Amino acid sequence: MARQLDPDSPTIYVQTDAAINPGNSGGPLVNTGGQVVGVNTLILTQSGGNEGIGLAIPSNVIRSVYNQVRKEGHVHHHGIGMAARNITPALASGLDLSREDGVLIEDVAPGSPAQTSGLMPGDIILSIDKKPVQNIRQLALGLYSYAVGDHAKLEIQRGNQRISYEIPVVEKEDVQGRLAELVTKGQNKIPQLGILALTLDDRLRPMLPPLRNGFGVVVAAKESDGAYIGEGPIPGDVIYSVNGTLVDSVDSLRSALDVLKASAALVLQVERLGGLHYVVLETEN
């Protein structure tokens, strides 16, 4: 139970020696009593076959996700606005920490409940809801038990001080979900790219991080593979140009794509996660 691929990741799995073959992902992991205890996800194998360690998403996580999708159409992601990592002997030595295990806060988001409550990078988390925290997994499980609107009870160590906090749990902003809600297939569809897009305007700018330009076309959702080969734009990208031609609206993006020859390569300049990138696509011809 509670196995991790990355010790600094909160994602946990149920480990099994039941055979998991290609195509089994998404199927149920069932115990000897006939109860579903997980959904098969992946296998770690050296041979490429089913010999190895199988991993499944725990059923309680699946149940929570399923209930949210069924009732509200999307999943709620909540937190307090901080990032943390496991303390290792090397980390403890380099930062001269008082302990060689546990969880260290490495970032606190500006304006988040964690920051406004007083948490700081460098704090060591000792417990959550009075339960000792020795690793990221225990921290994630502790936070997972809270609902939006609850107050997470954390005890931290800062230098020689031990400080208790009650921090509001809030829902993480789902920018992609909000963008997708604004589109209609007829008006926003760009079939050549297989996307639904929106003109960057005053309504969208507050929903996005600071951008390099004041114009562009925002990718709201991926609908299909499109007419080109290669990794195309993804939701959240802002398209600035098509083969060097600037685009400042959905209509200008359509026009720039329509004038291209069927065999022409396509180069999009996009802003993705704060950086500028060229997305190169080709036709099958």
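In the set VAL270, VAL183, which member is surrounded by 17 or more Cβ atoms within 10 Å (Cβ to Cβ), touching a residue at least 12 places away in the same chain (Cβ under 8 Å) and not in a loop (DSSP other than H, G, I, E, B)?
Of VAL270, VAL183, the one residue that is surrounded by 17 or more Cβ atoms within 10 Å (Cβ to Cβ), touching a residue at least 12 places away in the same chain (Cβ under 8 Å) and not in a loop (DSSP other than H, G, I, E, B) is VAL270.
Take the conditions surrounded by 14 or more Cβ atoms within 10 Å (Cβ to Cβ), at positive phi and either modelled with pLDDT of 90 or more or over 17 Å from the mean Cα position of the chain (by Cα) (or both) and apply them to GLY102. Does it pass?
It is true that GLY102 is surrounded by 14 or more Cβ atoms within 10 Å (Cβ to Cβ), at positive phi and either modelled with pLDDT of 90 or more or over 17 Å from the mean Cα position of the chain (by Cα) (or both).
Run down VAL108, VAL170 and say which single residue is within 22 Å of the chain's Cα centre (by Cα) and modelled with pLDDT under 90.
Residue meeting the stated conditions: VAL170.
Pick from region 34-61 the residues that are of a type in the set (Val, Ile, Thr) and modelled with pLDDT of 80 or more: which of them is nearest to VAL14 (Cα to Cα)?
The extreme case among them is ILE57.
Among LEU198, LEU179, which is of a type in the set (A, V, I, L, M), out of contact with any Cys (no Cβ under 8 Å at 6 or more places or on another chain) and modelled with pLDDT under 80?
Among LEU198, LEU179, only LEU179 is of a type in the set (A, V, I, L, M), out of contact with any Cys (no Cβ under 8 Å at 6 or more places or on another chain) and modelled with pLDDT under 80.
The values are calculated or read from the model by the stated rules, or taken from the named source; none is laboratory data. Since this is a predicted model, take the numbers as computed values, not measurements. We place every Cβ from the backbone using ideal geometry, glycine too, and count neighbours over all the protein chains shown.
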